[in-house]
Every structure is written in structure tokens, then in C-alpha cells.
1. Pairs only if they're at least six apart or on different chains, beta carbon under 9 angstrom, first in the stretch 32-46 and touching a residue at least 24 places away in the same chain (Cβ under 8 Å), second aromatic (Phe, Trp, Tyr) and open to solvent by 80 Å² or more (accessible area, probe 1.4 Å); list them, first residue then second.
2. Name the pairs whose Cβ atoms lie under 7 Å apart, with the first residue in the stretch 63-79 and part of a helix (DSSP H, G or I), the second within 16 Å of the ligand (Cβ to nearest atom), and 6 or more positions between them or separate chains?
3. Restricting the first residue to the stretch 172-192 and requiring it to be open to solvent by 10 Å² or more (accessible area, probe 1.4 Å) and hydrophobic (A, V, I, L, M, F, W, C), which pairs with a second residue that is outside any helix (DSSP H, G or I) and more than 10 Å from the ligand (Cβ to nearest atom) meet a Cβ separation below 6 Å and a spacing of at least six or different chains?
4. In the list Ala74, Ala45, Ala50, which residue meets the criterion of being surrounded by 17 or more Cβ atoms within 10 Å (Cβ to Cβ), more than 28 Å from Thr120 (Cα to Cα) and among the aliphatic types (A, V, I, L, M)?
5. Kindly establish whether Leu166 is in contact (Cβ under 8 Å) with a residue 12 or more places away in the chain and either touching a helix residue (DSSP H, G or I) at 6+ places or on another chain (Cβ under 8 Å) or closer than 26 Å to Val248 by Cβ (or both).
6. Can you tell me which residue is nearest to the ligand (Cβ to nearest atom) among those in the stretch 281-327 that are under 20 Å from Val226 (Cβ atoms), of a type in the set (D, E, K, R) and part of a loop (DSSP other than H, G, I, E, B)?
7. Just checking, does the stretch 93-115 include any residue being small (Gly, Ala, Ser) and modelled with pLDDT under 95?
8. Report, by residue number, each residue of the stretch 219-233 that is open to solvent by less than 10 Å² (accessible area, probe 1.4 Å) and away from the ligand (no atom under 16 Å from the Cβ).
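The values are calculated or read from the model by the stated rules, or taken from the named source; none is laboratory data. All figures in this text were calculated on a predicted structure; none of them were measured in a lab. Glycine gets a Cβ as well: all are built from the backbone with ideal geometry, and neighbour counts include every protein chain shown. Protein only, heavy atoms only, side chains kept; ligands, DNA and RNA dropped before computing areas. Shrake-Rupley method; radii C 1.70, N 1.55, O 1.52, S 1.80 Å.
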Amino acid sequence: MAILVLGGAGYIGSHTVFELIEAGRDVVVADNLVTGFRAAVHPKARFYQADIRSHEQMDALFEKEPIDGVIHFAAFSQVGESMANPLKYYENNLWGTTALLQSMVAHGVDKIVFSSTAATYGEPERIPILETDQTRPTNCYGETKLAMEREMSWTERAHGLRYVALRYFNACGAHRSGRIGEAHDPETHLIPLILQVPNGKREKISVFGGDYPTKDGTCVRDYIHVSDLAQAHILAMDYLMDGGKSDVFNLGNGVGFTVKEVIDVARKVTGHPIPAELCPRRAGDPAQLVASSEKAKQILGWKPNYADLETIVASAWNWHKAHPNGFGENV
Ligand code: UDP
């Protein structure tokens, strides 16, 4: 039986495919290559260029391949874009998931693990954030992900489909082989943007806000290595295959770093002075987001292997310095 990875050409999807293949699993990848890269797909995975919004393409795939469970990454993920163009996010993230679930129900595929986000919480009521804390998204991206979680819950009641929603904090780093890493166009994430400076592609890094109520005035985030996220997806799928009940889990390291601290670590790792410029706050950024991942550790048996920020940034730098232009074109 095979695992279907939707969005398996994207950042977290491609790393999950690598971990699945290395664990000896049979893997099918579908990606529409709008934001993903064909070159990021492991050569041992069976690849389909397909869109989750197409019943025709998804039905054909479920008929052809022996799919036992689905890991779903096929969504847009830029907060700023979701505010400027919310309907694009509803269309792809929510309607896309609706179409996918319809095809899954029609073909009797009843297990799904999918990427949710810390953005489902909005401004946190406390730190570290627990899964039971209130969910009040402050951006459309988080709103669509929360709606996806609820959609799965209603689908379970009606059709028996079981799901695990993984709420990631700040995904970063690159695969230990150096073959795949983080590539977005346009890039909006802190660590790849910082590394563009020593790569000669940017003169300085902008620091969005220096007046937050944190130890140095810059935002605090919980940075978690992409390969640790990938492992959590495999554990979550095994949990569902063993009969585990539907659930939601945070995934983070449980340690917060400020923007200034991340820049300092990147200076140490790269040996480059990396000039930084203080800029106004970015709209919608909470001051602090730090996860409690105790639930994932206890129930899924998850344990991050890359808890140290310097190791994480070093793995990202290993990929970025060798691939200053990412994967190039999407196809
Ligand atoms: N950030 C920054 N400069 C940048 C990009 C991001 O200061 O050029 C800050 C951003 O305000 C946030 C943190 O870095 O506090 C992480 O942002 P990112 O976009 O990587 O992830 P997010 O926390 O939005 O998921």
C-alpha cells in the first residue's frame, strides 16, 4: 500500500517524501507545481502533476494507485498574500480540501495527516501555547487552515474519515543530504532572507519591529527543523494506521528566539557581518509564538532531533550556499 503526498514538491512536502522513502515506504506524490518544484521530488516517488481541485485528476489517481493514507501539504501559505487576496486562499486551501475529501470518501480512503499552523491561534492567550488554547486567527491563511481542521471533523462524523492536524510553528532548515531545501518565490521567511545576505543576493536584512514586549524588542518565534516536522507526519500516519483517533498536535521546539538572536546565529554560522536595519512592524505579527509540543511527544512519540538553532541554521546555509537560486524554475 502507498502513501499519497499532496504538495510533495513543496518545502515541507518534499522533505517528508525524502524521509518516507528513506524509511522504505511506497510513496506517490501529486503536486500542481504552482509553488512546488519538480526537482525537489525524490526520484523513487511516483510523481503526478495534478491539482487537488480537479475531481477528474484525483479520482484517476485514487483508481490507479493503491493509496492507504494521504499526507496533505497542497495549500498556499503566505500570510501577507492571504490578506491581500483572501479568495485565492479560500479557493485553493478550503475548496481544494473539500474536493480532495470528496474524492477520498468516494474511494474509501479514510486517513489523512495535514499541515495546519500556529496561525490558527492568532494572538496567543499564553506561552507556551497548548492545543486546547483558543483559536482566533488574525489572518486569512490561519482562518482557512482552521476551517480545514473543522471540515475534517465534520467529515469524520459523517463518513468515518480519521485525521491528524499538525500545527507547525516556524519551519526551517534543510535536508541533511543537501539535496533539497527551502525555496519560495517570492521568499518571505526570516532565515532564507537572512541567508540571502551572505549569498550576495541582498544587502541587508530588515527587522520588522523593535518595540515588541520581548527581551530585545523583536518578535519571538519557535523555529523547528523541517526534517523533524517530516518525521512527525510519518508518526502521525502510523498512529492513524494503528487505529489512533483524530487529533490536533502542535509541533515546535518549545524554545523562543528573537529576530535579533536568529540574525546573530546566522552571523556566527556564515562568518558574514549581515547588516540589519530596523523597520516598522509587519501587520498581523504576534509578539511571541512558542509551542508546547508535549502532546505530540506523549501520544505520537515524537522527538525533535535538531533542537539547537545553530544546527538548524547551519543546515539551511549548507543548502542555500550551494543553491543561491533555489531550484530555478518550478518545473
Ligand atoms: N521577519 C523580519 N524580517 C524579515 C522577515 C521576517 O523581521 O525580513 C520577522 C517576522 O516579523 C517574524 C519572524 O521574523 O517576527 C518570523 O517571520 P517568518 O515570516 O519567517 O515566519 P512567521 O512567524 O510569519 O510564520
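1. Between residues of the stretch 32-46 that are touching a residue at least 24 places away in the same chain (Cβ under 8 Å) and residues that are aromatic (Phe, Trp, Tyr) and open to solvent by 80 Å² or more (accessible area, probe 1.4 Å), there is no close pair.
2. Going by the 7 Å Cβ cut-off, the qualifying pairs are Val79/Ala119; Val79/Asn139; Val79/Tyr141; Val79/Gly284.
3. From residues that are open to solvent by 10 Å² or more (accessible area, probe 1.4 Å) and hydrophobic (A, V, I, L, M, F, W, C), the pairs are Ala183/Gly326; Ala183/Phe327.
4. On the way: Ala74 fails: more than 28 Å from Thr120 (Cα to Cα); Ala50 fails: more than 28 Å from Thr120 (Cα to Cα).
Result of the check over Ala74, Ala45, Ala50: Ala45.
5. For Leu166, the condition - in contact (Cβ under 8 Å) with a residue 12 or more places away in the chain and either touching a helix residue (DSSP H, G or I) at 6+ places or on another chain (Cβ under 8 Å) or closer than 26 Å to Val248 by Cβ (or both) - is met.
6. Residue satisfying both the conditions and the ranking: Asp308.
7. no
8. Ser227, Asp228, Ala230, Ala232, His233
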